[in-house]
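Report on the structure given below.
The values are calculated or read from the model by the stated rules, or taken from the named source; none is laboratory data. If you're wondering where the values come from, they're calculated on a predicted model, not measured in any experiment. For neighbour counting, all protein chains shown are included, and Cβ atoms are generated from backbone atoms with ideal geometry for every residue, glycine included.
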Amino acid sequence: MDDAELARRRARDAVLSGASARGPRAEIAASWRRVAAVGLDPSGNAEIAPLPGAELAHRRQTSALAPLVPRLVELLRPVVDAGQLVVITDHDGRVLWRSGRPGVRRMADALGFVEGSAWTEGNVGTNAIGTALVLGAPVAIKGAEHFVDSHAKWGCAAAPITDPWTGATLGVVDVSGPSRGLHPAELALVEMAARVCSLEVLERHHAVIERLRSHAAPLLARVGGKVLVVDHHGHLAAATGVQAPGRITLPGDMTVGRIWIPTMGAAVAEALPGGWLLRLADDESPPTTLELDLSGEPEVKVLGEASAWSRRLSPRHAEILVALVRAGAAGRSAAELAEDLFADASRVVTVRAELSRLRRDVGSVLLARPYRVAPGIDVRMTLPTQPAALLPGSSAPVVVALRGTFSAPPAPTGTGGVGT
């Protein structure tokens with residue numbers, strides 16, 4: 001064992017025993033705190049069953065990363081040739097594809113690092129895939145920086161693959177193997193591979209928007225009033241009679257007919273190839289209720305007297321809304337939200353970026369300075385029946401705390417009631 005690994009082991013032992021709060025790196029120490037709060041046993045093995053074969057096949061077929069897998073494997077071929085394992089997960093941290101030599105695959109099998117396994121912090125502790133998903137940034141984890149003892153001889157480097165058009169995390173590309181074989185350059189390599197994939201995804205979106213713009217041009221020449229043409233993600237292709245932002249947030253259950261759009265009001269939607277034509281109305285009822293449904297896939301519903309809007313939430317946005325609902329009228333500062341999400345008050349830049357995206361989605365329902373639900377909005381939260389079903393895999397301190405309240409319903413916020 002070299003001196004660096006010995007120092008990592010001593011730091012880990014001190015933090016886990018409570019003798020010290022300092023880890024080898026700030027982001028690693030914060031991850032250890034998050035994982036310890038979940039209750040994961042560092043000396044045990046997670047009992048997270050892989051996905052059934054049919055579900056794994058479905059996720060592969062429907063993944064936006066599926067067309068990019070050959071490209072990713074080719075970019076990382078030198079890593080495979082060097083005896084490392086290339087892994088590609090979905091946005092939930094589920095392993096969808098692996099590429100590597102038989103020896104390293106057998107080692108991964110012994111850790112449960114198999115197709116369909118869930119490699120999040122909340123499930124298997126500090127690791128490059130799970131921690132990259134939490135931080136939304138590339139990260140390398142080596143040796144005893146892992147939380148679970150059985151992973152301490154393993155090294156990994158991972159980077160999230162994002163869709164620049166939507167802001168969504170599509171998955172993670174990871175390189176893993178015996179810690180002694182992890183080269184420092186591999187973090188830069190996976191970051192480069194993730195960036196190449198993001199650019200290819202962006203090019204596909206640009207092609208769709210150009211086709212939509214061409215199709216919409218003769219339609220807009222014939223219609224009057226305030227009209228927008230957007231793609232399926234809400235990006236503006238064309239407009240007439242109104243100044244519109246470059247992107248609007250569409251309902252999660254988008255359909256033909258009357259809809260409501262945060263910041264834009266009521267509209268009538270017509271389907272177009274690759275998008276929607278939206279005829280804007282002048283009536284806009286203010287929102288009166290925010291429902292945060294965590295009983296299954298997280299979803300937010302914003303209701304008004306004559307309007308309704310709903311949208312699926314990313315795990316990060318669900319965590320933020322949990323924190324704001326629990327904070328009530330007092331709200332939370334960016335630093336407090338960073339503690340709620342990361343156990344690290346320094347990550348305010350990440351928090352502010354996520355809040356900007358979330359406020360675009362829900363409009364005037366959320367206020368800033370401090371971040372909070374607007375006064376007069378009735379707030380409701382629906383929880384699953386079992387704590388483990390609440391945002392499974394999340395290691396955010398605010399989610400861990402909410403799981404501990406299942407013996408009693410959450411307290412009402414200052415602006416409305418919270419029901420379960």
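Looking for something more than 23 Å from residue 83 (Cβ to Cβ), touching a Gly at 6+ places or on another chain (Cβ under 9 Å) and not aromatic (Phe, Trp, Tyr) - is there at least one such residue anywhere in the stretch 167-189? If you could, list the steps in order and put the result at the bottom.
Within the stretch 167-189, the first condition is being more than 23 Å from residue 83 (Cβ to Cβ), and the residues that meet it are 167-171.
In the following step, the residues that additionally are touching a Gly at 6+ places or on another chain (Cβ under 9 Å) were identified as 169, 171.
Keeping just the survivors that are not aromatic (Phe, Trp, Tyr) gives 169, 171.
Yes; the residues of the stretch 167-189 include at least one that is more than 23 Å from residue 83 (Cβ to Cβ), touching a Gly at 6+ places or on another chain (Cβ under 9 Å) and not aromatic (Phe, Trp, Tyr).
For the residues 285, 310, the requirement of being more than 28 Å from residue 31 (Cα to Cα), at pLDDT below 90 and part of a loop (DSSP other than H, G, I, E, B) singles out 285. For the stretch 93-106, filtered to residues that are out of contact with any strand residue (DSSP E or B) (no Cβ under 7 Å at 6 or more places or on another chain) and in contact (Cβ under 8 Å) with a residue 12 or more places away in the chain, the residue that is surrounded by the most Cβ atoms within 10 Å (Cβ to Cβ) is 101.
Residue count for the stretch 377-403 under the criterion of being more than 20 Å from the chain's Cα centre (by Cα) and modelled with pLDDT under 90: the result is 0. Cβ-Cβ contacts under 6 Å between residues 6 or more apart (or on different chains), taken from a first residue in the stretch 154-174 that is touching a residue at least 60 places away in the same chain (Cβ under 8 Å) and outside the structural domain of residue 360 (by TED's automatic domain parsing) to a second residue that is surrounded by fewer than 24 Cβ atoms within 10 Å (Cβ to Cβ) and basic (Lys, Arg), are listed as 167/357.
If I filter the stretch 178-187 for residues that are more than 27 Å from residue 42 (Cβ to Cβ) and modelled with pLDDT of 95 or more, do I get at least one hit? Show your work before the answer.
Keep residues of the stretch 178-187 that are more than 27 Å from residue 42 (Cβ to Cβ), which gives 185.
With the extra rule that they be modelled with pLDDT of 95 or more, the set shrinks to none.
No, there is no match, as no residue in the stretch 178-187 is more than 27 Å from residue 42 (Cβ to Cβ) and modelled with pLDDT of 95 or more.
Residue 148 meets the conditions (1) more than 22 Å from residue 48 (Cβ to Cβ); (2) over 15 Å from the mean Cα position of the chain (by Cα) in every case but one. The failed one is (1). The lone criterion from (1) modelled with pLDDT of 90 or more; (2) in contact with an Asp or Glu (Cβ under 8 Å, 6 or more places away or on another chain); (3) not in a loop (DSSP other than H, G, I, E, B) left unmet by residue 326 is number (2). Just one residue in the set 104, 86, 80 is out of contact with any Asp or Glu (no Cβ under 8 Å at 6 or more places or on another chain) and over 30 Å from residue 13 (Cβ atoms); that residue is 80.
Out of 64, 46, which single residue is of a type in the set (A, V, I, L, M), closer than 21 Å to residue 134 by Cα, part of a loop (DSSP other than H, G, I, E, B) and modelled with pLDDT under 85?
On the way: 64 fails: modelled with pLDDT under 85.
Step by step, each of 64, 46 is checked, and only 46 is of a type in the set (A, V, I, L, M), closer than 21 Å to residue 134 by Cα, part of a loop (DSSP other than H, G, I, E, B) and modelled with pLDDT under 85.
Of the strands (runs of 3 or more DSSP E) entirely within the stretch 161-274, those holding at least 3 residues that are under 22 Å from the mean Cα position of the chain (by Cα) and surrounded by 18 or more Cβ atoms within 10 Å (Cβ to Cβ) occupy 169-178.
Looking at 41, 81, can you tell me which residue is surrounded by fewer than 20 Cβ atoms within 10 Å (Cβ to Cβ) and within 21 Å of residue 399 (Cα to Cα)?
41
Against the list (1) in contact (Cβ under 8 Å) with a residue 12 or more places away in the chain; (2) assigned to a loop (DSSP other than H, G, I, E, B); (3) of a type outside the set (A, V, I, L, M), the condition residue 372 fails is (2).
Yes/no per residue for (1) under 25 Å from residue 170 (Cα atoms); (2) of a type outside the set (A, V, I, L, M); (3) in contact (Cβ under 8 Å) with a residue 40 or more places away in the chain; (4) touching a Cys at 6+ places or on another chain (Cβ under 9 Å):
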{"position": "288", "(1), (2), (3), (4)": "no, yes, yes, no"}
{"position": "291", "(1), (2), (3), (4)": "no, yes, yes, no"}
{"position": "295", "(1), (2), (3), (4)": "yes, yes, yes, no"}
{"position": "298", "(1), (2), (3), (4)": "yes, yes, yes, no"}
{"position": "307", "(1), (2), (3), (4)": "no, yes, yes, no"}
{"position": "318", "(1), (2), (3), (4)": "yes, no, yes, no"}
{"position": "322", "(1), (2), (3), (4)": "yes, no, yes, no"}
{"position": "335", "(1), (2), (3), (4)": "no, no, no, no"}
{"position": "348", "(1), (2), (3), (4)": "yes, no, no, no"}
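Among the residues of the stretch 27-36, not a single one is crowded, with 20+ Cβ neighbours inside 10 Å and in a loop (DSSP other than H, G, I, E, B). Sort through 341, 292, 303, 321 and tell me the only one that's modelled with pLDDT under 95 and hydrophobic (A, V, I, L, M, F, W, C). Checking each option against the conditions leaves just 303.
Does the stretch 340-351 contain any residue that is of a type in the set (Phe, Trp, Tyr) and either part of a helix (DSSP H, G or I) or over 30 Å from residue 214 (Cα atoms) (or both)?
Filtering the stretch 340-351 for residues of a type in the set (Phe, Trp, Tyr) gives 342.
Now restrict to residues that are either part of a helix (DSSP H, G or I) or over 30 Å from residue 214 (Cα atoms) (or both): 342.
Yes, because at least one residue in the stretch 340-351 is of a type in the set (Phe, Trp, Tyr) and either part of a helix (DSSP H, G or I) or over 30 Å from residue 214 (Cα atoms) (or both).
Restricting 90, 81 to those that are acidic (Asp, Glu) and in contact with a Leu (Cβ under 6 Å, 6 or more places away or on another chain) reduces the list to 90. Only one entry of 207, 221, 237, 269 meets the criterion of being among the hydrophobic types (A, V, I, L, M, F, W, C) and within 30 Å of residue 138 (Cα to Cα), and that entry is 207.
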